[in-house]
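Worksheet: the structure to be examined is printed underneath.
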Amino acid sequence: MRRPLIALAAACAALALAGCGTTEPAATDTKPSSRSITLTDATGAKVKLDGPAEKVVATEWDVVEHLVSLGVAPVGVADVKGYTAWDASAPLTGKPKDIGTRGEPSTDTIASLSPDLIVATTDLTPAVVTQLRRIAPVLEIQSADASDQIGRMKQNLDLIAEATGTTDKATKVKQGFDTKITEGRKALADAGLAGHGIAFADAYVASNQVSIRPYTSGSLIGDVNEAIGLKNAWTVKGDAKYGLATTDVEGLSGLGDVTFAYIGNDSESDPFTTDLAKNAVWKGLPFVKKGDVHRLPDGIWMFGGPTSMEAYVDALVAALTK
């Protein structure tokens with residue numbers, strides 16, 4: 001399972017996060033400003049651009065999705081094959097250059113693209129960011145924030161929009177997301193599922209043991225589940241950044257009669273249907289016995305942007321109301 005760049009593999013100026021920026025003057029989608037733009041990124045650094053960035057390199061998949069949803073085709077993308085498999089909700093446009101892995105992008109490849117801007121997240125190591133700053137301005141966005149993932153997602157989108165002169169488009173993207181949340185909440189309520197318990201997780205195998213990763217109420221998926229009226233069934237505490245926790249199959253015993261959901265990928269194994277298929281504890285869980293285990297469609301990135309989360313709402317509502 002590909003995980004975000006956290007330690008195990010990984011509103012505005014008041015928090016010194018990425019949602020703060022100023023433009024001179026404000027850029028629009030139709031008439032980009034030819035004057036300079038100054039932004040404050042997640043690290044508090046001032047990022048100065050000659051004008052709205054057009055040739056943009058993205059070192060993380062949520063950044064790529066934000067750019068695509070804003071109508072900006074990145075010229076460089078980290079792990080193109082992986083992005084294509086895991087984020088089908090926002091397919092790449094054009095033919096971006098693969099710049100290497102998300103954790104270790106190739107500075108030589110990025111330099112060859114002569115970008116106007118490199119957008120990274122705070123998960124990228126300071127040493128790599130220092131190297132990238134020698135190539136082009138680097139805008140770092142806060143990778144995640146378990147205290148408000150939806151708010152963080154929107155603020156990151158807004159900051160990237162300011163840098164690329166697409167603020168009008170960002171407004172439409174956010175409105176589309178909010179509308180989808182409202183529609184999903186109504187559909188579940190109409191089906192009598194308001195307040196229904198849900199446990200979303202993913203899993204991977206290490207040393208022949210299945211490790212399960214709960215997406216707690218502090219995760220982006222958890223935030224979205226609660227926004228559409230569901231109750232997060234996980235009681236374990238997630239990390240302060242992504243809201244993720246770790247358990248094993250025995251740790252699922254206390255969930256009770258809930259819906260269990262996950263997203264897989266055909267390019268990787270599915271521990272829930274392979275490694276756990278004959279596991280007595282797994283087979284004895286109430287939601288397994290009832291067949292209330294749902295593998296949602298591939299290509300929905302669990303750490304993505306509004307586009308991925310809209311696809312998630314559609315998929316989950318369809319699974320629960322069919």
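The values are calculated or read from the model by the stated rules, or taken from the named source; none is laboratory data. Just so it is clear, the structure is predicted and the values come from calculations on it, not from any experiment. Methodologically, a virtual Cβ is constructed for each residue, glycine included, from the backbone with ideal geometry; neighbour enumeration extends over all protein chains shown.
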Review point. Within the group LYS186, LYS154, which residue is within 21 Å of VAL64 (Cβ to Cβ) and modelled with pLDDT of 95 or more?
Key: LYS154
Review point. Would a scan of the stretch 254-275 turn up a residue that is acidic (Asp, Glu), closer than 22 Å to GLN149 by Cβ and outside the structural domain of VAL64 (by TED's automatic domain parsing)?
Key: no
Check your understanding: What residue, of LEU139, LEU157, LEU117, is buried (at least 23 other Cβ atoms within 10 Å of the Cβ) and either closer than 24 Å to LEU244 by Cβ or among the hydroxyl-bearing types (Ser, Thr, Tyr) (or both)?
Key -> LEU157
